[in-house]
Amino acid sequence: MKRLRRLEEYLFRFLMGLSLVIVLGSLMLILGTMLWRGLPSLSLAMLTQVPKGGYYLGEEGGILNAIVGSLCLAGGATLLALLLSLPVAIYLHTYAGCSRAAHLVRLAMDVLWGIPSIVYGAFAFTIMLWIGLRASLLGGIIALACLELPIIVRGMDEAFRLIPSALSEASYALGATRFETATRILLRQATAGLLTAVLLAFGRGIGDAASVLFTAGYTDRLPDSLLRPVASLPLAVFFQLGTPFPAVQQRAYAAGLVLTVIVLTLSVVARWLSRRLMHHVVR
Amino acid sequence: MERRLAFRRLTDRLAGCSTTALSAATSLLAVAIGLVLLARAWPILTTRPLGELLLSTTWKPLQNAFGYYPFIMGTLCVTGVAMVIAVPICLLTAVYLAEYAPRRVYAVVKPLIDVSAGIPSVIFGIWGVIMVVPFVQRIASSEIGRSLSRLPFFQIDNPTGYSVLAGGIVLAIMVFPVIISVAEEVIRAVPVGLREASWALGASRWETIKYVVLRHAAPGVLAAVILGFSRAFGETMAVMMVVGNVPQVPRSLFDAAYPLTALIANSYGEMMSIPLYDAALLGAALLLLVVVLLFNLSARLVLMRIARYG
């Protein structure tokens, strides 16, 4: 009986170790595969040129249009989402307190977080049809901003939550209004957390393909106007992988590697930044 | 001085009103999305009985036949396979991270899992095309595959590798971080006193986990699984690249499938020309939204309760 119990303990410990290896192993396998298949076809020309005639048949050119396009899309969307979400986060921490309304807003944000990006895409596309906007940078920005909004709000919410309540209480005791406390105490204290939230949302935005598929379209030119279609990295990967030419598929791997590097860098910088800037914050 | 104070109070009031209004508006975004999709899907919802839409297997937009059944089954099969693979692995990993992991291991593993949550779905898709699809193809053409194919759900009629199984594997890896991080948090929230009581009765660590911790954490763990499910349910790009996109009801792991998300993404270009077509596609989006909303809402309510009452 005792041996059986011990056996069970060891068996499950072994299974846990095995699952951990599977989880980490699959992650490493993905990153390793991207490096192994992407690096050989990555070149300077790919990063600095726009597609030339016959690019999708395997001739000269690069994916600069997609890189710049993605940065514009995600940058614009993050800016828009930031403008919308900062007031919400401030509301959650100064005006709402622990009320029922605050719980409801948090619940709504969590639920929004779970909505698939293709649904955001379909929603934004419908709105664009109604206001007469065609696939464009602006359309993509609207769709991505919806997608990023809950991520930023929840990130900021966490950042504000780390601030000791004594700080805002001290500010109230000195006669500051809630608005003044929010802008001069809370925002300053939470800068690191806010920046982390913004970077993470930017990373989500730059990697999302399904929501920009209808709304931003695709083009071989660099983005020049808010009302024209714009290319994006995930779609560049997707379209190039869909062609029947091995040379173009190789470039899809390289584009995928570029995207992975951008996203991972953002994520690592965000984490490093939050730890670094935390040192200057009163706890 | 008096006027300055009045001004400051006015600013405060204005800021309060505007932030409240904005919060309410963004919170209602989910409802707004639902209403907009409903409005666009209305023509097809009113002209056809819901039963026919959901259960008919013919999808021929040119002949005005719109049956979602093959696509719903495609989504369910791929998601189901993903969950069968992901749930045991994720729960064991979450238990390990919450109960066994030494601090140093945790400090390395946890950030890695968090980072992997941010990898774009297209990357998972490429990886699926490079590694998983050939892997499934090799199984399908090997001796093992041939002996497996006598079993139900394992027949091999499709040797390409673009299949439910490939989609399931890719999706499973995509939902790892979601399930692991939520489940780990829930398991950690179980009061230490409960564990100590169990240890004091002579239970081993695993027995404590099995009889005390997991039982106490069950609702939260279920919520974690549901969140993973709804993430997998709505995933588009990665699945679309590896499941083959053949509109049929999959009968076997090696059959190709055509999930709802892929249907929307693939057909948007052609939907303008045919009447009712875009209504049908936005109806599919509405269906996705409703399912995901219900799942998410119930999971979040459970998690909120746990956070509040411990």
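Of note:
- Among the residues listed as A:Ala192, A:Ala176, A:Ala166, A:Ala182, the single one being surrounded by 18 or more Cβ atoms within 10 Å (Cβ to Cβ), farther than 27 Å from A:Ser117 by Cα and more than 14 Å from every other protein chain (Cβ to nearest Cβ): A:Ala192
- On inspection, A:Leu39 qualifies as more than 10 Å from chain B (Cβ to nearest Cβ), part of a helix (DSSP H, G or I) and out of contact with any His (no Cβ under 6 Å at 6 or more places or on another chain).
Residues are listed down the side, and each one gets a yes or a no for (1) open to solvent by 20 Å² or more (accessible area, probe 1.4 Å); (2) charged (D, E, K, R):
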residue	(1), (2)
A:Ser99	yes, no
A:His103	yes, no
A:Arg106	yes, yes
A:Gly121	no, no
A:Ile131	yes, no
A:Gly139	no, no
A:Glu148	no, yes
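- Subset of the range B:113-131 [at pLDDT below 90 and within 7 Å of chain A (Cβ to nearest Cβ)]: B:Val115, B:Ser116, B:Gly118
- When residues in the range A:209-247 are screened for being over 19 Å from B:Val243 (Cβ atoms), buried (at least 19 other Cβ atoms within 10 Å of the Cβ) and over 19 Å from the mean Cα position of the chain (by Cα), 5 of them pass.
- Within the range A:217-235, residues that are free of Cβ contacts under 8 Å to residues at least 24 places away in the same chain reach partners that are assigned to a loop (DSSP other than H, G, I, E, B) with beta carbons closer than 7 Å, at six or more positions or on different chains, in the pairs A:Tyr218/A:Pro229; A:Tyr218/A:Ala231.
- Take the conditions (1) within 12 Å of another protein chain (Cβ to nearest Cβ); (2) open to solvent by less than 30 Å² (accessible area, probe 1.4 Å); A:Leu31 misses just one of them, which is (2).
- Hits in the range B:136-149 (condition: touching a helix residue (DSSP H, G or I) at 6+ places or on another chain (Cβ under 8 Å) and closer than 30 Å to A:Arg251 by Cα): B:Val136, B:Ile139
- Matching entry among A:Ser26, A:Ser43, A:Ser70 (being of a type in the set (Gly, Ala, Ser) and either over 28 Å from A:Leu147 (Cα atoms) or open to solvent by 50 Å² or more (accessible area, probe 1.4 Å) (or both)): A:Ser43
- The criterion of at least 2 residues that are open to solvent by less than 30 Å² (accessible area, probe 1.4 Å) is met by the following helices (runs of 4 or more DSSP H) wholly inside the range B:96-173: B:103-116, B:121-127, B:133-141.
- Within the range A:113-163, restricting attention to residues that are in contact with a Pro (Cβ under 7 Å, 6 or more places away or on another chain) and in a helix (DSSP H, G or I), the residue that is nearest to A:Gly217 (Cα to Cα) is A:Leu137.
- Failed criterion for B:Glu52 (all others in (1) within 14 Å of chain A (Cβ to nearest Cβ); (2) farther than 30 Å from B:Arg188 by Cβ; (3) of a type in the set (Asp, Glu) hold): (1)
The values are calculated or read from the model by the stated rules, or taken from the named source; none is laboratory data. Please read all numbers here as calculations on a predicted model, not as lab measurements. All Cβ positions, glycine included, derive from the backbone under ideal geometry; neighbour counts span all protein chains shown. Keep in mind that these areas ignore ligands, DNA and RNA; they rest on the heavy atoms of the full protein, side chains included. Shrake-Rupley method; radii C 1.70, N 1.55, O 1.52, S 1.80 Å.
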